Every structure is written in structure tokens, then in C-alpha cells.
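K.L.:
Sending over a structure as C-alpha cells; questions will come in a sec.
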Amino acid sequence: MQHGLDLAVVAALAGSLALWSLVAERFARWNVTAPMVFVAVGWMLSENRLGAIHVSIGGDGVREIAEIALAVVLFGDAAGINLTELGRDRALPSRLLVIGLPITIAAGALAAKLVFPDLSWWICALIGAAVAPTDAALSAGIIEDTRVPERVRTVLNVESGLNDGIATPFVNFFLVAAVAGTAFDDGTRAGALVDLGAGTLIGFAIGAAGGWLSALARQRGWALVHQREIGVAALSVLAYAITVEAGANGFVAAFVAGLGYAATAGRERSVSLDFTHDTANVLSLVVWFLFGAVMLPVLADADWRHVLFAALALTIVRMAPVAIALIGAKCDPATVAVFGWFGPRGLASVVFALLAFGELAPADGGPVLTAITMTVVLSVALHGVSAAPVARRYALYAGDRADVAGGGEPRRRNGNG
């Protein structure tokens, strides 16, 4: 068996991307998303099926590609956020991150222990933390639907951008604890806070400096637009790489770098993010293809317990903490349900699964990988199919109500609403 990304894998990826570019709109009409297609194609071409490509889960660059893809996606999502809306609604994402996310991690650990009683609590906690972060890309059908109130879309985007990084210290700690049997002491908690704080500072500094320089280059006529776009995309990788080398949280840094860029780029932001979004899109599809090729085959060993855990993770484990976090936020039940349901699991969970599989003994790594993979697969399917229809229904509902997300004026329907 060959390891790494050989020319057959490259050819399969290139061919899949080329074909998808020709049929994407048609598939969108059927509520079939790109992740769904690329996961399926990667699986069909894998060694376990047609055998057209040979790449292993521990192959060269698989985890690194997933991490870089996540960093670029986080930066692009953050850079496109309306900072005015974010400032107005910072209480909602704060509730979801400070209250909802820890409860979700705890509930996920409890669900894993109930479903897999033979696994240790540390392993169950690792699984719960790994499937807690959400992925805005899998709910693009609602986040990109301009008929949905912008504050709802912003909250979902900000939550998904930050919870990846916030969950990382928990995943790292539970992984170390599972391997070495450590305890959650004061030093560990302090280290997690330093990890997040350093990532925030480094990321914002790089993003803000990059935005200021990009705007200056536009004003002085120093660089062509498409060259500045390349530089903006590079900021995401720069922030991630420097922060990781500094021993801090690279995913938080990438997201906060996007916020820093948005804060200083001014009008430059509206003309310089296309390449970043395109790069994020391509890298994400590459990851979904590799996910289908190297991770989906592990479901051959799955049973009803893995399906049950995934179902719990996508429903009760996510939706109950969201409802608790939003108590007193003056959100109507439909909006709480939208926030709760649109917690798809995606790139971050894939990265955490690869990290855990590489560090744990096979007896523990296998169950962790299978549980996370099942959760992500169900999320790709269920959230992909439901995003557009739910967005349409919710947009009609929101158009008739004010204060759907805890504040704001009534929205008037336009001709399309």
C-alpha cells in the first residue's frame, strides 16, 4: 500500500473538482451539497471499494491538509462578518460559546459513556469535545440566504468560527489524559487560557496589520487587486502557522485574524475576499474527498451504538444546551430551534478525529474514530439536505415577526419573500 497523496489521488481530486463545477447548480436544486458528493466520491474510489486510489488515514499530509483547510475557512468566515451586526448581537454568540459549548461537551461525554460503557471517561470526554464544534459551511443554505435575518446568520457564523478553537484545548487535554491519565489541575486550566489568549492576540495582530497594509496598497496603487487577494488568503495560513509555532491556538488565531482584517481593511474587504473564499472552498472539498476515502471505510465496523450516539450528538446533545444557553435571551422558540439544529459537525471534528487516531492506542483510537466519523457523516447528510428548506421556511416566519433573535425591528418582505 502506498502512503501519502500520489498522482492517482491528485488526478481523482482534480477530475472530481472539474466535474463538480459543471453540475453544482443542478445538484443544488435537489438539496445535494458539495460535501455530500465529495464524501461519496472519495469513498467510492477508495481502496475498500473500487481501489482507484490508495491513501491511508495516517498518510503523509492528510491531517496537515485538513488543518490548513480549517484555518482558511475560519479566516474567510470571520473576514466576511458584518462587524456592526456582531457588536449588536455579541451577547448571543457569547451565550452559545460560554454556556452552551461546555454543556455540549459534557453532554457529549455523558452520551458517549452511556452508549459505549466499556470506554473510559477520558475517551468519552474526548469524543464529546471532538463532536462539539460546529461547521458553518454545512449550513451554508441558511447562512448565505439573505432572506434570513442577518443577526441569525451572523450568530451562527461567529459561533462556528470560535467554537473550533475553544474546543481545541479540551480535546488536547482529554487526549493527553486518555494516554497518560493526567488530571485537570489549575496549571492545565491556566495553560488553556494562555493558549486561547495568545492565539487571539497573535491572530488579531496579523489580521489587523494585513488589513491595514492591504488598504494602504490599494490607496497607493502598489499592487493589483488579484495580487492583494492572494495576500489576504495567505494571512490565514500565516496567522495559523505562526501561532502554532508559538505553542498557542492556531484555529482561534485564524478566526480572530479574519476579524482583525475586517476591522482595518475598510472598503478593501469588499473586493479582496473572493480568492480566500474560493481557496477555502477548494480545500474543504479536498478534505471531504479524503474524509470519504480514508475515514468513511471505518464505518464497516460500526453498529447500532455508533448510529445512536451520532443521533444523540446531533439532536439532544446540541439542542438542549443551546436552549439552556438562550434562556432569558428573548429568542422565540423557532429561532432557538434554528440555532439548535444548525450545529453541523464538519472540518474541526475531522481534524480532531485524525489527531486522536494518531495519538491513541488502536484499542481506543478505533472507537473514537468510528464514533466521530459516524457523527460527521450523518451531519453532512442531514444538515446538507435540510439547510435550504429550513432556511426558506424560517425566512418566511422571520419576515412576519420582529425580535426573532433578541432585538431588532420588524422586517418587511421583499418581492422574493
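What follows is calculated from the coordinates using simple rules that are stated; it is not laboratory data. The shown structure was predicted, so the numbers you read here are calculated from the model rather than taken from an experiment. Cβ placement follows ideal geometry from the backbone for every residue including glycine, while neighbour counts extend to all protein chains displayed.
K.L.:
Work from the charge dipole of region 214-335 (Cβ charges, +1 for Lys and Arg, -1 for Asp and Glu, about the Cα centre) and give the residue of 264, 316, 288 farthest towards its positive end.
P.N.:
264
K.L.:
Which of rounded, prolate or oblate describes the chain when judged by the alpha-carbon gyration tensor and an a/c cut-off of 1.5?
P.N.:
Working: a/c = 1.27, a/b = 1.16, b/c = 1.09.
Here the chain falls in the rounded category.
K.L.:
Still on this model: Using a simple charge model, +1 on the beta-carbon of Lys and Arg, -1 on the beta-carbon of Asp and Glu, nothing else, what dipole does the chain show about its Cα centre, in debye to the nearest 20? Before the final figure, lay out each step's value.
P.N.:
Values: 27 positive and 32 negative charges, 284 e Å.
Charge dipole, the chain, about its Cα centre: 1360 debye, nearest 20.
K.L.:
Distance from the Cα centre of region 356-383 to that of region 9-53, in angstrom?
P.N.:
21
K.L.:
Mind listing which trypsin sites (Lys or Arg not before Pro) in region 22-53 are in a DSSP loop and have 10 or fewer other Cβ atoms within 10 Å?
P.N.:
Values: sites: 26, 29, 49; in loops: 49.
Nothing satisfies the criteria.
K.L.:
Then there is this: Quickly estimate the mean residue ellipticity at 222 nm for the chain, helices only: each DSSP H run with n ≥ 4 gives -39500 (n - 2.57), and the total goes over all residues, rounded to 500.
P.N.:
Working: 19 runs with 298 residues, N = 417.
Rounded to the nearest 500, the figure is -23500 deg cm²/dmol.
K.L.:
Now a separate question. Please rank 230, 202, fewest neighbouring Cβ atoms within 10 Å first, as an exposure proxy.
P.N.:
Ascending number of Cβ neighbours within 10 Å: 230, 202.
K.L.:
Could I ask something else about it? So what's the net charge close to residue 252: Lys and Arg +1, Asp and Glu -1, counting the other residues with Cβ under 9 Å from its Cβ?
P.N.:
Numbers: positive: none; negative: 164, 195.
Neighbour charge sum, excluding residue 252 itself: -2.
K.L.:
What is the set of long-range amide H partners of residue 56 at a cut-off below 5 Å, with H atoms built 1.01 Å from backbone N?
P.N.:
Those qualifying (amide H under 5 Å, at least 5 residues apart or on another chain) are 4.
K.L.:
Which of the peptides 363-374, 243-254 is most tightly packed, and how do the rest follow, going by the mean number of other Cβ atoms within 10 Å of each residue? Show your work: numbers first, answer last.
P.N.:
Values: 363-374: 22.0, 243-254: 24.4.
Descending mean neighbour count gives 243-254, 363-374.
K.L.:
For the chain, what is the relative contact order in percent, using Cα pairs closer than 8 Å and at least 6 residues apart in sequence? Please list the in-between numbers first.
P.N.:
Numbers: 690 pairs, mean separation 107.8, N = 417.
It rounds to 26 percent for the chain.
K.L.:
Hey, another quick one. Are there any helices in the chain, counted as whole DSSP H runs, that stretch 20 Å or more along their axis by Cα and score at least -0.5 on average by Kyte-Doolittle, and if so which?
P.N.:
Values: long enough: 7-29 (33 Å, 1.37); 62-79 (26 Å, 1.42); 101-115 (21 Å, 1.80); 150-180 (45 Å, 0.71); 186-220 (51 Å, 0.55); 225-245 (30 Å, 0.91); 250-265 (22 Å, 1.59); 274-290 (24 Å, 0.86); 362-399 (52 Å, 0.86).
The qualifying helices are 7-29, 62-79, 101-115, 150-180, 186-220, 225-245, 250-265, 274-290, 362-399.
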